[in-house]
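The values are calculated or read from the model by the stated rules, or taken from the named source; none is laboratory data. This one's a predicted model, so the numbers in the text were calculated from it and none came from an experiment. Cβ placement follows ideal geometry from the backbone for every residue including glycine, while neighbour counts extend to all protein chains displayed. Please note that ligands, DNA and RNA were not included when accessible areas were found on the heavy atoms of the full protein model with its side chains. Shrake-Rupley method; radii C 1.70, N 1.55, O 1.52, S 1.80 Å.
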Amino acid sequence: MEKRRAGRRFLRYSSTIDPRFNRNSQKPIFNSAFGNYQQHNETEQWNFYHCFRFLTSNRAPAPPLGTSMEKGIIGNAFRFQFRCFGSAAATKVQRNPSFSMLNSDDINYFKGILGDKNVIQDEDRLLTSNTDWMNKYRGSSKLLLLPRSTEEVSQILNYCNSRSLAVVPQGGNTGLVGGSVPVYDEVIINVGLMNSIISFDKVSGILVCEAGCILENLITFLDTQGFVMPLDLGAKGSCQIGGNVSTNAGGLRLVRYGSLHGNILGIEAVLANGDVLDMLGTLRKDNTGYDLKHLFIGSEGSLGIVTKVSILTPPKLSSVNLAFLACKDYFSCQKLLVEAKRKLGEILSAFEFLDNVAMDLALNHLEGVRNPLPPSLHNFYVLIETTGSNESSDKEKLEAFLLQAMEVGLISDGALSQDINQASSFWRLREGLPEALQKSGAVYKYDLSIPVEKMYDLVEEMRARLGAPTKVVAYGHLGDGNLHLNISAPQYDEKILAQIEPFVYEWTSKRRGSISAEHGLGLMKANEIFYSKSKNTVQLMGSIKKLLDPNGILNPYKVLPHSLSR
């Protein structure tokens, strides 16, 4: 009887409106770092219909990119010879004495290559480039270079290598582990002017472009061609594809399209000595020797500067559905994921989760958001997105899945978006969490890969370990086992940090997890790499670094333990 009532309830609510909605506008995406929400392109057809509860209110638009908060602009830069940072892993980093100091001859040489306007010494412009967007890492570089071509990058690196001038490659500077800003006075090389789309093959879907292309611009271009990027990041309005490749960025679509190791077909990279490696293949199959491009994907600019990439892009599909669901416990979230993979299969495109602490934080610190499932908070929330090509089939498959999940008690409550405003509001609750955390006070952020069944155990243990006044906030990409663990506190406190680290790394290592799922190691976790990689593996990495960058000028103090950097 209960199953029949649940079925009638679902069918009644799911048929209350026209299930189709065609958009007529194109907007940015809501960003997990900055607060922009996704509004899909005008040729995309949204299949939104509502389940369980009728939601009608419109949502306030997200703030635009480019504010001082988003860019991490700080009041003043300062000089130092000794750096301490907010992570125990990155404290007391000393400047490598083998690196030279910048002089006027160096400046004149770079001006001869790039012209005066692309050799930046202005303090205000350097301020942004010296600081990450969270205001956590601050360098003291006195020089920002803006090359326009691979040849100019080659000339810059050849000169810097001969002079032992350390450099830091920089794209959109949206990283979270200090990988894209100087530690000391490294020369900043930003490839943002190298932003041309070189070619696109409409038959194969292969895009070739320069490293400085902003991710959102590539998404917009591909949309006009009937394709999508296999990568979807919150920071897409600022991040650049070269930085995405160099950090092996993950994001919301990984559960559907996999990592960049599978989608990047080729790269062009410049080594520390200026040599250009042309590995810009566009073939799906090429089994000739070592596939060296993988060395540069995820190396965070420590082996070479990526200047061009070729990317395999999938066709754009027209039928999109988004469900915001409540679960009574974490086991139900796990079971729902298993069933979603089995029952939704090829149309499953995102599976995100957040707990009640995260939801409460979002509702209290994000402007214009409302609880989609009032009046009270549930223990856990899941967002399921499906993307397919057959409207009626996709709808039928999702309805059947949700009905069954209701009947067996995996879902406590939920709603399916009926229009673009509701879809945007659902995503804002999930993707706006970093913004909410920034507004709530000090935050310690950890990006971990953990077996799904054990993931929330860490959250519960951390809460028991820390207690008041901290709040342990959990959310992430449940579909690929990526937990974003955040500890919110009234202010930064070394005692709190000592309770978190190295415990969080030790706990993860014992479960054979990774201390960096998608953010990279950067400066923050360079010395902690042994929690995820064996000693022999790290030593081999050091040998590769020494071979490709014998003077160690490329992004020093990052990725590898500092004992191997000297």
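Suppose the filter is closer than 28 Å to GLN334 by Cα and surrounded by fewer than 15 Cβ atoms within 10 Å (Cβ to Cβ); does GLU494 pass it? No, not satisfied.
Here GLU352 meets each of (1) within 28 Å of GLY175 (Cβ to Cβ); (2) open to solvent by 10 Å² or more (accessible area, probe 1.4 Å) with one exception, condition (2). Out of the stretch 476-530, which residues are in a strand (DSSP E or B) and closer than 22 Å to VAL452 by Cβ? Listed by number, the residues that qualify are GLY476, HIS477, ASN482, LEU483, HIS484, LEU485, ASN486, ILE487, SER514. Exactly one residue out of LEU560, LEU521, LEU548 is within 23 Å of the chain's Cα centre (by Cα), farther than 22 Å from VAL459 by Cα, in contact (Cβ under 8 Å) with a residue 24 or more places away in the chain and crowded, with 18+ Cβ neighbours inside 10 Å: that is LEU560. Please verify whether the stretch 396-417 includes one or more residues that are open to solvent by less than 30 Å² (accessible area, probe 1.4 Å), closer than 25 Å to GLY520 by Cβ and not aromatic (Phe, Trp, Tyr). For the stretch 396-417, residues open to solvent by less than 30 Å² (accessible area, probe 1.4 Å), closer than 25 Å to GLY520 by Cβ and not aromatic (Phe, Trp, Tyr): absent.
Screening the stretch 220-301 for helices (runs of 4 or more DSSP H) wholly inside it with 2 or more residues that are within 26 Å of PRO556 (Cα to Cα) and open to solvent by 40 Å² or more (accessible area, probe 1.4 Å) returns the ranges 293-296.
When ILE197, ILE188 are checked against the criterion of being at pLDDT 95 or above and more than 27 Å from PRO97 (Cα to Cα), a single residue qualifies: ILE197. With respect to PHE200, determine if the residue is open to solvent by 20 Å² or more (accessible area, probe 1.4 Å), farther than 17 Å from GLY179 by Cβ, of a type in the set (A, V, I, L, M, F, W, C) and in a strand (DSSP E or B). So PHE200 passes the test.
Assess whether GLN438 counts as being within 30 Å of SER509 (Cα to Cα) and in contact (Cβ under 8 Å) with a residue 60 or more places away in the chain. Taking the combined requirement at face value, the residue satisfies it. Here LEU483 clears all of (1) open to solvent by 30 Å² or more (accessible area, probe 1.4 Å); (2) without any contact (Cβ under 8 Å) to a residue 40 or more places away in the chain except the condition numbered (1).
Do we have GLU339 as open to solvent by 10 Å² or more (accessible area, probe 1.4 Å), part of a helix (DSSP H, G or I) and closer than 20 Å to LEU252 by Cα here?
Against the criterion (open to solvent by 10 Å² or more (accessible area, probe 1.4 Å), part of a helix (DSSP H, G or I) and closer than 20 Å to LEU252 by Cα), GLU339 qualifies.
Scanning the stretch 133-160 for residues that are open to solvent by 30 Å² or more (accessible area, probe 1.4 Å), out of contact with any Lys or Arg (no Cβ under 9 Å at 6 or more places or on another chain) and outside any loop (DSSP other than H, G, I, E, B) returns GLU151, GLN155, ASN158, TYR159.
Cβ separations smaller than 8 Å between residues 6+ apart or across chains give the following pairs from the stretch 136-163 residues that are under 21 Å from GLU123 (Cβ atoms) to residues that are assigned to a helix (DSSP H, G or I) and of a type in the set (Gly, Ala, Ser): SER141/SER129; LEU144/SER129.
I need a count of the residues in the stretch 361-397 that are closer than 26 Å to THR470 by Cα, in a helix (DSSP H, G or I) and of a type in the set (Gly, Ala, Ser). Total satisfying the criteria: 1. Checking MET462 against (1) within 30 Å of GLY368 (Cβ to Cβ); (2) in a helix (DSSP H, G or I); (3) of a type in the set (A, V, I, L, M): exactly one of these is not met. Which one? The one condition MET462 does not meet is (1). Name the residues in the stretch 120-132 that are surrounded by fewer than 19 Cβ atoms within 10 Å (Cβ to Cβ) and assigned to a strand (DSSP E or B), would you? Across the stretch 120-132, there are no qualifying residues.
Within the stretch 172-192, is there a residue that is in contact with a Leu (Cβ under 6 Å, 6 or more places away or on another chain), surrounded by fewer than 24 Cβ atoms within 10 Å (Cβ to Cβ) and more than 23 Å from LEU521 (Cβ to Cβ)? Taking every residue of the stretch 172-192 in turn, none turns out to be in contact with a Leu (Cβ under 6 Å, 6 or more places away or on another chain), surrounded by fewer than 24 Cβ atoms within 10 Å (Cβ to Cβ) and more than 23 Å from LEU521 (Cβ to Cβ).
Among the candidates LEU354, LEU366, the residue that is touching a residue at least 60 places away in the same chain (Cβ under 8 Å) and farther than 19 Å from GLN334 by Cβ is uniquely LEU366.
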